[in-house]
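**Student:** Let me give you the structure first, and then I'll get to my questions.
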Amino acid sequence: MWAIAIGALVVGLVAGGIIAVVAVNRATERAETARRMVLRSEQAVVDASDRVELLRHALDALPQGVVITDERGAVVLRNAAAASFLGVPHADALVGDAVAELLAAALKGRTEQRLLDLYGPPRRSIEVLAAPYPLGGERNGAVVEVDDVTEKVRLEAVRTDFIANISHELKTPVGALALLAETLSDEPDPELVQRLAEKMVAEAHRVNRIIEDLLELSRIEAGEHPVRQPVAVGLIVAEAVDRIRHVGDARGISIHVEEPSRRLVVMGDRRQLVSAVANLLDNACKYSDPGAAVEVDAHTDGQWVELEVADHGIGIPSRDLNRVFERFYRVDRARSRETGGTGLGLAIVRHVVSNHGGSVSVSSEEGVGSTFTLRLPAGPGPVAVTTREAG
Amino acid sequence: MDEIRRTFHHELEDVHGELVTLSARVVENIPRGTEALLAGDLEAAERIILADEEMNERAFGLEERCYRLIALQQPMASDLRALMATVRIISEVERSADLVVNICKASRRIYGVELDPRVRGLVSRMSDQAQSEFRFATDAYAQRDAPLAAAIGDMDDLLDKSHQELIQAIFEAHKAGNCPLEVAVQMALVARFYERIGDHAVNIGERIRYMVLGEFGQDNESQQRRASFASPTGDQTS
């Protein structure tokens, strides 16, 4: 009896031990599984955090400003560009105002876009686009993109105006020629015939000048690498003054050339440079009051030579200053027709200096006058040029 | 308690940002109005005139927020100075916006008249100078930059000089038969509007210095200007 009882106890203990071992093993396994799950979760959090960082770095690398908000409009992410888009407090405030307004619209589920034309200076065109993004159910957040489209807007204006201007410039004289010829064919009065013929000649010359300037411009554009040789600035100026003197004389305008303290030299194509300076002088004479003076001055800092052509004429309105170097751009169409310009002179100047690795700028005040400055790379040193080359 | 102060300072920042925006609008509208005037662009002028209603509403709303904050939060020291300065600056900004509107209204009255180039040039110059002053004032307020604010007074001397030159040029153009009397009168008023905008920018500069440093400028000009705060500004509306 005792033996049976002891036997049963032993069996019980063994079975209990086995059960306990199994239970411990299971618990250990569960703990291990739980530990692995925790590790996986931690890894997932780290991965997600890395991805957020990655996303943030990628957004920070964009030149466009990006702002993302949650459904309540609280900012979740703002990239570096959006933090201070223009870097100027008052301009950033205006962009920020538009962003806030469009965000409010996007949170209501609308996609909206606005173009801000900021007068600056410098003048900038900023595009703000806001759109909703789904957060599940009826809820949505909002994302805004802020982009500087100044160059795009400028090029679009240049393109539209160019087409309008070129058709005007070419069609006007051709139309006039056709009308004059038509009138002439039925006109018996010899005096009137003479007058009409003179007008036809003037219009034909006008078309000819436009075509010549267009050809000149295309030649300069084609020659992206012009001849580079040392040319004395004095020679360029003297030749350009010679070419334009008759325009000045006709209006009683004197051209004063300030002799530089030392001989200045630039590297370039003499013919093109003379053409550029002559165009500036031609403009200065045409837009000066009769009897006024046009001044030419040149100086250097050793690296660059700056050549200035200043007039005391009517000046250029500030809104046109950035556009006067465009082809066929006219500040005052009526007046430019009186002066007989082709609308290509300053475009030629810009192309010439650009081909020479230089730049041209203008400062002007209406009623005071304008100063055009050519900035060209200085040549290697003084050159002994005493006679003008043929050309 | 800390939470209440945090909310209050958040509100203060919000008010600050809103005033920077309103002031920035004036900075933008000065050249916009000038371009409308000189180009005879009545549509552009009309847009600025119509937008002034919103400007007024926002300015009054902002002023009311300031009064509510003063009443409910009873701010002290620099917070109180900031709010008091802001209330004063709001009226300077709102008044300047009105002056730009007056310039736009003048463009209707001189419509179709070709202005003398010298007069046009000086109007552009005054506009640029007035805008620069207002831009400095706006940026100084945005950044709470007292030295920048102090520089505005010096800039205003240039604007005053241009004002005198413009008046002289208007007289000369009228005498030479290039400017009818009614246009001359309008242009003289326009010159005055730019000059007043400059004065408002200087006043804003004074308020910024008070807000940041807790004191007004000690120079004679500042003292004279402070005395003039109490008197009517002499702005003209049309």
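A short reminder: the numbers here are calculations on the coordinates, not readings from a lab. No experiment lies behind these values; they were computed from the predicted model shown. Cβ coordinates were reconstructed from backbone atoms using ideal geometry, including for glycine residues, and neighbour counts include every protein chain displayed.
**Student:** Suppose the chain between A:V75 and A:T183 were pulled fully straight at 0.36 nm per residue; how much longer would it get relative to their current alpha carbon spacing?
**Tutor:** So the extension gain works out to 31.6 nm.
**Student:** Sorting A:D186, B:D79, A:D282 on the 10 Å Cβ count, fewest up front, what's the list?
**Tutor:** Numbers: A:D186 6, B:D79 17, A:D282 20.
Lowest to highest Cβ neighbour count: A:D186, B:D79, A:D282.
**Student:** On the Cα set of region A:71-205, report Rg and Dmax in Å, please.
**Tutor:** 28.1, 88
**Student:** Go through region A:261-320 and name the trypsin sites (Lys or Arg not before Pro) that are in a DSSP coil and have 11 or fewer other Cβ atoms within 10 Å of their Cβ.
**Tutor:** In loop regions of region A:261-320 (DSSP not H, G, I, E or B), the sparsely surrounded trypsin sites (Lys or Arg not before Pro) are A:R262.
**Student:** Compute the long axis of helix A:2-60 from its Cα atoms, compare it with the longest principal axis of the Cα atoms of chain A, and write down the angle in degrees, 0 to 90, nearest 10.
**Tutor:** Roughly 10 degrees between the two axes.
**Student:** Among B:F60, B:F216, A:F85, what is the fewest-to-most ranking by other Cβ atoms within 10 Å?
**Tutor:** On the way: B:F60 12, B:F216 15, A:F85 22.
The order, fewest Cβ neighbours first, is B:F60, B:F216, A:F85.
**Student:** If you find the alpha carbon centre of region A:138-173 and of region A:194-218, how far apart are they in angstrom?
**Tutor:** Between the Cα centres of region A:138-173 and region A:194-218 lies a distance of 32 Å.
**Student:** Hey, another quick one. Filter the trypsin sites (Lys or Arg not before Pro) in region B:97-182 to those in DSSP coil with at most 16 other Cβ atoms within 10 Å of their Cβ, and list the result.
**Tutor:** Details: sites: B:K105, B:R108, B:R109, B:R118, B:R120, B:R125, B:R135, B:R144, B:K161, B:K175; in loops: B:R144.
Sites meeting the loop and neighbour criteria: B:R144.
**Student:** Using only the alpha carbon atoms of region A:64-148, find the Kirkwood hydrodynamic radius as the inverse mean reciprocal pair distance, in angstroms to one decimal. Please report the intermediate quantities before stating the final value.
**Tutor:** Working: mean 1/r = 0.0779 Å⁻¹.
Taking every pair of different Cα atoms in region A:64-148, averaging 1/r and inverting gives 12.8 Å.
**Student:** Report, in degrees rounded to the nearest 10, the 0 to 90 angle that the Cα long axis of helix A:150-185 makes with the longest principal axis of chain A.
**Tutor:** The helix A:150-185 is inclined about 30 degrees to chain A.
**Student:** Sticking with this one: What share of Cα pairs, in percent, lie more than 22 angstrom apart in region B:131-218?
**Tutor:** The answer is 39 percent, as a whole percent.
**Student:** Sticking with this one: Which of the residue pairs A:K286/B:K175; A:K286/B:K105; B:K105/B:K161; B:K105/B:K175; A:K171/B:K105 have a Cα-Cα distance greater than 30 Å in the structure shown?
**Tutor:** Details: A:K286/B:K175 26 Å; A:K286/B:K105 35 Å; B:K105/B:K161 24 Å; B:K105/B:K175 25 Å; A:K171/B:K105 38 Å.
As for pairs spanning more than 30 Å Cα to Cα, those are A:K286/B:K105; A:K171/B:K105.
**Student:** Return the average number of partner chain Cβ atoms within 10 angstrom of each residue Cβ along peptide B:133-142.
**Tutor:** The shielding value for this peptide is 3.
**Student:** Could you work out, residue by residue across A:85-94, how many beta carbons of other chains sit within 10 Å of that residue's beta carbon, and then give the average as an integer?
**Tutor:** 6
**Student:** Continuing with the same structure: Calculate for the protein assembly as shown the 222 nm mean residue ellipticity that helices alone would give, adding -39,500 (n - 2.57) per DSSP H run of length 4 or more and normalising by residue count, nearest 500 deg cm²/dmol.
**Tutor:** -23000 deg cm²/dmol
**Student:** For a quick check of your reading of the filter: which GluC sites (Glu not before Pro) in region A:208-312 sit in a DSSP loop and have no more than 16 other Cβ atoms within 10 Å?
**Tutor:** Working: sites: A:E212, A:E216, A:E221, A:E224, A:E239, A:E258, A:E295, A:E306, A:E308; in loops: A:E224, A:E258.
Those satisfying the criteria are A:E224, A:E258.
**Student:** Next up: Work the Kirkwood hydrodynamic radius out for chain A: mean of 1/r over every pair of different alpha-carbon atoms, inverted, in Å.
**Tutor:** It works out to 27.9 Å.
**Student:** FRET efficiency for A:V158 and A:R114, Cβ-Cβ distance as r, R0 = 22 Å, nearest 0.05?
**Tutor:** Computed FRET efficiency for A:V158 and A:R114 comes out at 0.45.
**Student:** Excluding residues on the same chain fewer than 8 positions from A:K152, give the aspartates and glutamates whose Cα lies under 19 Å from its Cα.
**Tutor:** A:D117, A:E127, A:D161, A:D320, A:E326
**Student:** Next question, about the same structure. Quick one: what do you get for region B:113-155 if you divide its Cα Rg by 2.2 N^0.38 Å?
**Tutor:** Normalised by 2.2 N^0.38 Å, the Cα Rg of region B:113-155 equals 1.53.
**Student:** Roughly what angle does helix A:190-222 make with the longest principal axis of chain A, taking Cα atoms, 0 to 90 degrees, to the nearest 10?
**Tutor:** On a 0 to 90 degree scale, this one is about 40.
**Student:** Just the ratio, please: alpha-carbon radius of gyration of region A:154-377 over 2.2 N^0.38 Å, N its number of residues.
**Tutor:** Normalised Rg, Cα atoms only: 1.10.
**Student:** Ratio to report: Rg/Rh of chain B, with Cα atoms as the point set and Rh obtained by the Kirkwood method; give two decimals.
**Tutor:** That ratio is 1.02, to two decimals.
**Student:** Once you place label points 7 Å from the Cα toward the Cβ at A:V38 and B:L181, how far apart are they in nm?
**Tutor:** About 9.6 nm separates the two model spin labels.
**Student:** Sticking with this structure for a sec: Pick out the long, greasy-scoring helices in chain B: whole DSSP H runs spanning 20 Å or more along their own axis by Cα, mean Kyte-Doolittle at least 0.0.
**Tutor:** Length and hydropathy pass: B:77-109, B:181-213.
**Student:** If amide H atoms are built 1.01 Å from N in the plane of the peptide, which residues on other chains or at least 5 residues away come under 5 Å of the amide H of A:S288?
**Tutor:** It is none; the list stays empty.
**Student:** Take each of the peptides A:160-166, B:11-17, average the number of other beta-carbon atoms within 10 Å over its residues, and list them starting from the highest.
**Tutor:** B:11-17, A:160-166
**Student:** On average, how many beta carbons from a partner chain sit within 10 Å of the beta carbon of a residue in B:37-43?
**Tutor:** The per-residue average across the peptide is 1.
**Student:** Now for a separate question. Less than 14 Å Cβ to Cβ from A:R375, Lys/Arg counted +1 and Asp/Glu -1: what total charge do the surrounding residues give? Walk me through the intermediate numbers first.
**Tutor:** Values: positive: A:R350; negative: A:D297, A:D301, A:E306, A:E308.
The answer is -3.
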